[in-house]
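**Student:** One structure follows; several queries about it will come next.
The values are calculated or read from the model by the stated rules, or taken from the named source; none is laboratory data. Remember, it's a predicted structure, so these values are computed and weren't measured experimentally. Positions of Cβ are generated from backbone atoms using ideal geometry, with glycine treated the same way; all protein chains shown enter the neighbour counts. Just the protein is used for accessible areas: all its heavy atoms, side chains included, with ligands, DNA and RNA removed. Shrake-Rupley method; radii C 1.70, N 1.55, O 1.52, S 1.80 Å.
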Amino acid sequence: MSSRLTLPTETQIKKSLRLDSSRLPGFPRAAARLIKASREDVVSLKDFAKILQTDPGLCVQVLRIVNSPVYGLDRKITTLSDAVAFLGMDEIRKQAIRVSLFQQMFKNGRANSFDMPCFRRHALSVAVLGSKIARAIPYPDPDEAYVAGLLHDVGKVFLAAQGRTGYGEFIRGLSPETELVIESERGTLGLGHDEVGAWFCDLWKLPENLTAAVRYHHETFHRQKLSDSEKILISIVSLADFLCWTQGIGSFAFIRPPVLAPEVEEMIDLDQDAIIEAILDMNREMETIAAYYDVVFPLTGQLQKNLYRTNLSLSRISTRYFFQTDTFDCKDAMEVKSFRIREMELEFGKSLARAKSVKEVLDIVMYQIGRIFEPRHWSILLKNPKTGNLVFSVVIGENKKKLQGVKLAKGEGIAGYILETGQSLVVEDVSKDSRFSSRVDKYTGFRTRSIIGTPLKTGDKVFGVIELINRIGETPFDEKDLALLSSIAEYAAIAVERSYYTQTLTRLAANDPLTGLKNRWSFERALVNKNEFEIQYGSVFSMLVIRVGGLDRLVQAKGQKVCDDAVKALARIIDTTKRRTDTLFRYSENIFLMLLPLTFADGAEFTRDRIKDAIHAAVQHKQLLLLEIHIVPHTLSSRQIKTLIPLVGKTAPPYENTEERSHIADIQENLQPLVEQETREDPDKGDQKKLFGKAVSLMGHYQHPKKRRYVHIKVDRISIAAIEFRIPESEALSPRDFLNIQFVLDDKKRSVIKRQVIVREVDKRTVYGDFYNPPPYAKNLGFYLIG
């Protein structure tokens with residue numbers, strides 16, 4: 001075992017894996033010999049051929065890839081010597097190692113509960129991107145970076161196949177929290193995949209620099225006794241892994257907020273354009289070779305550049321949280337303010353890691369603002385891309401129902417001024433400022449006294465404004481508040497931009513850009529887990545394979561746009577024929593698939609006939625061009641899901657992902673409509689009088705901030721956002737009173753809930769109140785309400 005690298009012992013390995021000492025898994029012999037040969041100064045073609053010929057299946061697969069359109073050779077290659085002559089020994093060696101690993105170690109279906117297609121795609125992407133980054137730096141051996149990328153997550157294969165705790169179940173049990181997956185592995189499984197993988201690399205006597213890359217691609221490594229070349233290789237693999245996750249190409253089916261070890265930025269200049277070019281080169285290569293490696297690759301385009309920059313910005317802040325080691329000693333007022341900002345950034349980092357959408361990011365930002373500043377009313381106003389008006393898009397406070405969706409004319413009020421100038425502003429007394437517009441106050445009946453506002457912007461483009469009105473206690477906002485709010489807004493803008501592009505990537509990766517239907521990737525993802533498939537589609541189901549002929553002739557005769565319009569019209573017609581539980585996919589350029597849950601052969605044939613009738617009617621009414629449509633039904637059991645792809649045919653041509661088809665709207669163009677749509681889909685279900693919550697009988701008390709005394713209450717109804725309670729006859733409350741309330745749930749934990757409440761209405765002894773700034777994630781109360 002390597003004495004330089006911190007590796008687990010065999011005893012520790014056996015606590016996490018079910019291993020037999022006499023039958024430890026070996027490394028593919030041909031791959032090991034090829035890796036060893038790559039480190040020798042001179043290797044003859046004869047010796048190289050001998051290594052490959054020890055595995056005839058390997059030779060066949062390598063020649064298959066060499067003759068594929070990936071390399072575009074003008075004649076068929078039938079011998080390894082010809083392959084080396086055309087492509088070079090390094091390229092053939094790289095492909096041979098890849099094939100050997102994929103065939104023998106990364107086999108699909110090896111662990112039923114582990115998403116091996118996702119894992120294979122990630123490993124190949126990290127390998128390709130690692131070699132691209134190595135050439136960009138430059139690093140002397142890009143092929144070594146390729147091999148390290150293939151192997152970096154090999155520990156996951158052993159945790160999935162031989163772990164004492166089911167790795168697939170572990171992954172599905174992960175919640176979207178801040179803690180890194182690697183730390184969750186160590187806490188739940190005993191070891192992380194980096195430790196397990198490095199232990200096997202050492203067992204197989206692979207070169208130490210490869211073992212080091214596997215061991216430290218998730219860790220800080222400045223205290224390890226490593227050579228400069230080892231540190232650079234670790235940094236390349238770590239960066240490639242980080243970038244692939246940010247692009248939605250992780251080894252799991254979700255996008256996890258990534259973190260880079262601080263040393264990576266010291267070893268590699270992350271701001272250089274060559275890194276972005278490496279990402280785009282990787283995307284192009286992966287799009288070309290994915291079909292031959294049995295993986296599905298997401299869409300590419302300008303999106304990758306945007307994601308790289310925003311994730312890099314967030315990672316630099318989040319790194320402070322995950323790898324902070326030094327204490328922060330505040331010596332003066334400026335350092336105290338810097339410390340507050342630093343702590344706020346870390347708190348945002350932990351909260352934003354949970355967010356799955358732009359709306360959730362904005363909700364979290366607003367919650368943190370409420371905690372820090374305690375305003376009476378605060379809003380995020382987003383710019384309408386068509387009119388230039390500001391729209392109250394996220395509103396919290398006493399007038400949220402009236403203000404939601406209200407528009408400010410271009411340049412109107414303090415917020416309009418901030419949008420036009422891009423400058424933050426504090427107004428301690430609005431009655432003395434001519435820029436203040438009283439129109440909103442007249443509409444809501446609210447009286448504004450003090451305002452602070454700051455722009456939300458990416459680069460030099462402002463896309464919104466954060467505005468705070470009146471502090472609880474009536475103390476006016478000041479310049480110190482403005483400085484802190486400006487810092488929050490800078491971080492929030494990065495988080496919003498990242499979430500926007502990540503959300504867009506997730507949608508594009510799972511959906512066909514032309515029709516909006518689920519794509520091939522979504523179909524193959526649905527087949528990964530037999531149990532989950534059976535829950536959705538039943539033990540017996542049917543699949544319709546819908547092939548469309550004549551598309552090439554249509555393009556030649558009438559152009560690509562006419563063909564695209566015809567495909568979209570066909571997709572709409574088929575979609576209208578399916579039941580609510582059926583799922584329609586666009587699997588390839590000319591193939592649609594429909595999965596029919598709990599449907600036998602007669603039901604599948606009925607659906608086929610219904611689709612044919614709908615298509616015929618559309619052609620008769622000139623709503624659809626006459627196309628060659630062939631529909632073949634198949635009825636299967638859930639035990640046969642692995643046969644679905646062969647039924648479709650692996651030769652199905654992929655659809656072309658042109659920039660025009662997969663256009664990504666810039667954040668300034670699409671953010672406000674997106675948030676408006678998400679707000680409509682998740683409306684506030686509260687009512688001004690009746691609370692749609694849970695009837696309860698709980699005891700608690702409140703403290704009036706001004707009177708400074710406690711009063712016992714009985715809580716009759718609660719929801720996530722509001723409360724109804726009764727007070728003693730001797731007490732009196734008024735609308736807009738601000739209370740600190742505490743009550744105890746009658747759950748097993750006797751959970752204590754503490755909230756601030758704004759009184760909305762008083763009816764004799766019954767008080768209706770709204771929780772002031774309720775947290776976006778209130779686990780105890782949330783579980784209690786749905787229990």
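**Student:** Taking a probe of 1.4 Å, how large is the accessible area per residue of the range 375-474, in Å²?
**Tutor:** 44 Å²
**Student:** Can I ask one more? Between ARG708 and ARG186, what is the FRET efficiency for a Förster distance of 60 Å, r being their Cβ-Cβ separation, to the nearest 0.05?
**Tutor:** 0.80
**Student:** Let me ask something else about it. Using a 1.4 Å probe over the heavy atoms of the protein chains, calculate the carbon and sulfur portion of the accessible area of the range 562-653 as a whole percent.
**Tutor:** Carbon plus sulfur share of accessible area: 55 percent.
**Student:** Got a sec? What order do LYS749, LYS530, LYS561 fall in by accessible area at 1.4 Å, biggest, i.e. largest, first?
**Tutor:** Result of the area sort, largest leading: LYS749, LYS561, LYS530.
**Student:** Calculate, in nm to one decimal, what LEU280 and ARG736 gain on full extension: separation in residues at 0.36 nm each, minus their alpha carbon distance.
**Tutor:** 158.6 nm
**Student:** Can I ask one more? Sort LYS642, LYS518 by accessible area with a 1.4 Å probe, largest first.
**Tutor:** Largest to smallest exposure gives the sequence LYS642, LYS518.
**Student:** Additional query: What full-extension length gain, to one decimal in nm, is calculated for SER751 and ILE372 as 0.36 nm per residue of separation minus the Cα-Cα distance? Present the calculation step by step, with values, prior to reporting the outcome.
**Tutor:** Details: separation 379, 0.36 × 379 = 136.44 nm, distance 2.46 nm.
Contour length minus the Cα-Cα distance gives 134.0 nm.
**Student:** How much length is gained if the chain between VAL540 and SER68 is pulled fully straight, taking 0.36 nm per residue apart and subtracting their Cα-Cα distance, in nm to one decimal?
**Tutor:** Gain on stretching VAL540 to SER68: 166.2 nm.
**Student:** Rolling a 1.4 angstrom probe over the protein chains, ignoring ligands and nucleic acids, what is the accessible area of LYS94 in square angstrom, nearest 10?
**Tutor:** The accessible area comes out at roughly 20 Å².
**Student:** How high is the relative contact order of the range 505-592, given as a whole-number percent (alpha carbon pairs under 8 Å, six or more residues apart)? Intermediate results must be reported in sequence, preceding the final value.
**Tutor:** Working: 61 pairs, mean separation 37.4, N = 88.
Relative contact order of the range 505-592: 42 percent.
**Student:** Could you calculate the FRET efficiency of GLU10 with THR165 from 1/(1 + (r/R0)^6), where r is the beta carbon distance between them and R0 is 25 Å, rounded to 0.05?
**Tutor:** That gives a FRET efficiency of 0.85.
**Student:** Arrange the residues LYS754, LYS407 by how much accessible surface each exposes, largest first, with a 1.4 angstrom probe.
**Tutor:** Largest accessible area first, the residues go LYS754, LYS407.
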